[in-house]
Amino acid sequence: MADEKVLTNEESVMSPDIFKKTFWRSFPLQACFFYERMQNVGFAYQMVPALKKLYPNKEEASEALKRHLVIFNTTPAIVTFITGVAIAMEEKLKKAKEMGEEGDPESVNAVKTALMGPLAGIGDSFFWGTFRIIGAGIGCSLAAQGSILGVIMFLLIYNVPHLLVRYFGLKIGYRSGMSFLDSMSEGGIIAALSEVAKVLGLVVVGSMCASMVKLAIPLVLSIGGAEIVLQDIFDGIISGFLPLALTLGTYKLLQKGFKTTTILWGMIIVGIVGSVLGIL
Amino acid sequence: MSVIQAVLLGILGGLGIWDSRVMGLCMMERPLFLGPVVGLILGDFQTGIVVGASLELVMMGIVGIGSATIPDTVSASILATAFSITSGLDVSAAVALALPIATLGQLVGVLVRTANGYFAHQADKAAERGDYKGVDRALWGGAGLFFIAYFLLVFLGALLGSAVIGAFVDKLPQSVIDGFSVASGMLPALGIAILMQLLFDKKNVAFFFVGWALSALLGVNTVGAAVIGTTIAYIMFQYGRGRKAEPAAVEAAGEMSDDLGGEL
């Protein structure tokens, strides 16, 4: 923890120890997931070290805990940003009360709610849409040949950014309280990053379409004594045409609202029937 | 399959669901990781890796975005890999088997996420008392319920399923088994198509074909495509910053659909 000093500046009452505990407590965010309020118990759980420090007496503790048990839901990997902001706000709230001012406890939840949606959008497109896809793309191509390296690469490609964001997100969120999202939104940096992350994801997905989807037609037509190998025709037009056509066709079906399960069974049936008839 | 192996698979099921519950979602719930571990437990590591990779390609589109409960990849990955190893099934047959299991797992998931209301209520009570430890206990209560439910699902599935599946596979004609093999080459198209739904918009559609052309026509592997994709993304980002991004682009990040591929 190189920059602990920045965190524990003169104003802060939070010790590095509290941040360490909060970091570890951010992992079981969804342990008590239930439909009505989703990740609420998990969010309160990670606030406990900071709240304990701020509110040792039962009455204040009760207010604070109830405040953090309202509905919450976001991408797990980026939750610590919000936790950091919430800790900073709780601390400000406590200070305002000590100064005899009327704090606004509801603002903590207002900010949490305002952050969880947009951050989930960003988090989903980076972690689900980019790091996971690149990891799975590279991982599957190695693992398909039986190499354990594929599994290791998959976990690393996803988890190195994941753990960095989780660790530094807490500090950045805390340090800049409210201001960090404003400054990042200026000039649309976050939006621009999400856009290019999608581009990167698509290049990898396109490559996977070519290397992972396998479809060939072994059918040989004999017309007037001449043998025509159908697959040669396809290869002559453009190699890898059939897998591309299959993928785009499947995409069209999904766009038209066909269910994933229906398409899946359809493929299996087409595969079996085609194989029995000797077409595929 | 011995009882001990079934117990180990059950524990793997509990740990698998714990990845997204307790361990912060580190991708250890995915078939690409679970497959090899199943392979280790059943003594066929190599097959585990290969089956895990194939299952990952098909299930790649199934992701837990938003609050929807999705078909359960944990129990489906473990049991499908296990059946594939114990009865020498082709991957696509294993995928076909995984379907009903995933649906059953989804049902278990819905039950647990409903029953967790009890522990959430305990957390409310603890908050009322200002009792920090009570909130901790409530959280771990929910975690425990998840573990037990998925342990039982996978343990029972492994113990009861493998004999039934084995007997069934012996009766399948060869042409059907070949057909499964053809289908397993086609199935990744579905996983990829679901991903395309997540990533496509009018502006960036061309990059899919860039990636495809790199591999299909130029023979670049996925690692190479990722490197080239990163370069393109970097150039675009620098260029976009230079001419100041338009405000309209700010909305783009929030557009993601909540229920991607929620049917499998």
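Every number in this text was worked out from the coordinates using simple rules, so none of it is lab data. Everything quoted here is computed from the prediction, not taken from an experiment. All Cβ positions, glycine included, derive from the backbone under ideal geometry; neighbour counts span all protein chains shown.
Every Cα-Cα pair in the stretch A:74-177 was counted, and those over 18 Å apart are 58% of them. Each Lys or Arg adds one and each Asp or Glu takes one away; over the other residues whose Cβ falls under 13 Å from the Cβ of residue A:221, this sums to -2. Based on alpha carbons, the Rg and Dmax found for the stretch A:4-206 are 18.8, 68 Å.
Distance from the alpha carbon centroid of the stretch A:54-95 to that of the stretch B:199-223 works out to 44 angstrom.
Residue by residue along B:42-54, Cβ atoms of other protein chains within 10 Å of the local Cβ number 4 on average. About its Cα centre, the dipole of chain B is roughly 460 debye, where the only charges are +1 on Lys and Arg Cβ and -1 on Asp and Glu Cβ. According to the square roots a ≥ b ≥ c of the eigenvalues of the Cα gyration tensor, what is the shape class of the stretch A:215-277, taking rounded for a/c under 1.5, prolate for a/b larger than b/c otherwise, and oblate for the remainder? Oblate, since a/c reaches 1.5 and b/c is not below a/b. Scalar couplings 3J(HN,Hα) for the stretch B:212-218, obtained by applying the Karplus form with A = 6.51, B = -1.76, C = 1.60 to θ = phi - 60°, are 5, 5, 4, 7, 6, 9, 9 Hz; x denotes Gly and Pro. For the stretch B:78-93, 3J(HN,Hα) computed residue by residue from phi via the Karplus equation (6.51, -1.76, 1.60; θ = phi - 60°) reads 5, 5, 5, 4, 4, 5, 4, 6, 6, 10, x, 6, 6, 4, 5, 5 Hz, glycine and proline entered as x. Listed by number, the DSSP H helices of chain A that run 24 Å or longer by alpha-carbon position along their axis and have mean Kyte hydropathy of at least 0.5 are A:106-123, A:149-176, A:189-212, A:260-277. The stretch B:1-33 and the stretch A:245-280 have Cα centres separated by 31 Å. Taking only the C-alpha atoms of the protein assembly as shown, the Rg (one decimal) and the largest Cα-Cα distance, Dmax (whole number), read 25.1, 99 Å. Modelled spin-label separation between residue B:174 and residue A:172, with each label point placed 7 Å from Cα along the Cα-to-Cβ direction: 6.0 nm. Put simply, when A:70-77, B:32-39 are sorted by average Cβ atoms within 10 angstrom per residue, most first, you get B:32-39, A:70-77. Other protein chain C-beta atoms within 10 Å of residue C-beta, averaged over B:133-140: 5.
Cβ crowding within 10 Å ranks B:20, A:176 as A:176, B:20, fewest other Cβ atoms first.
Across the stretch B:99-116, rounded Karplus estimates of 3J(HN,Hα) from the backbone phi angles (6.51 cos²θ - 1.76 cosθ + 1.60, θ = phi - 60°) give 4, x, 5, 4, 5, 4, x, 4, 4, 4, x, 5, 4, 5, 5, 7, 5, 4 Hz, Gly and Pro being marked x.
For residue A:33, no residue 5 or more places off, or on another chain, has a built amide H under 5 Å of its own. By the equivalent-ellipsoid construction on the alpha carbon gyration tensor, the stretch B:92-227 comes out with semi-axes of 42, 29, 12 Å, ordered largest to smallest. A helix-only calculation puts the protein assembly as shown at -23500 deg cm²/dmol for mean residue ellipticity at 222 nm, using -39500 (n - 2.57) for each DSSP H run of at least four residues, averaged over all residues.
Short to long, the 10 Å bins of the Cα pair-distance histogram for the stretch B:3-193 hold 10, 35, 32, 15, 6, 2, 0 percent of all pairs.
Residues considered: A:37, A:175, A:25. Largest GNM mean-square fluctuation over chain A, using C-alpha springs under 10 Å, is found at A:37.
The magnitude of the dipole of the protein assembly as shown, with charges of +1 and -1 set on the Cβ of Lys/Arg and Asp/Glu and taken from the Cα centre, is near 420 debye. Remark: for residue pairs A:171/A:259; A:21/A:58; A:20/A:97; A:171/B:203, the C-alpha separation exceeds 32 Å in A:171/A:259; A:171/B:203.
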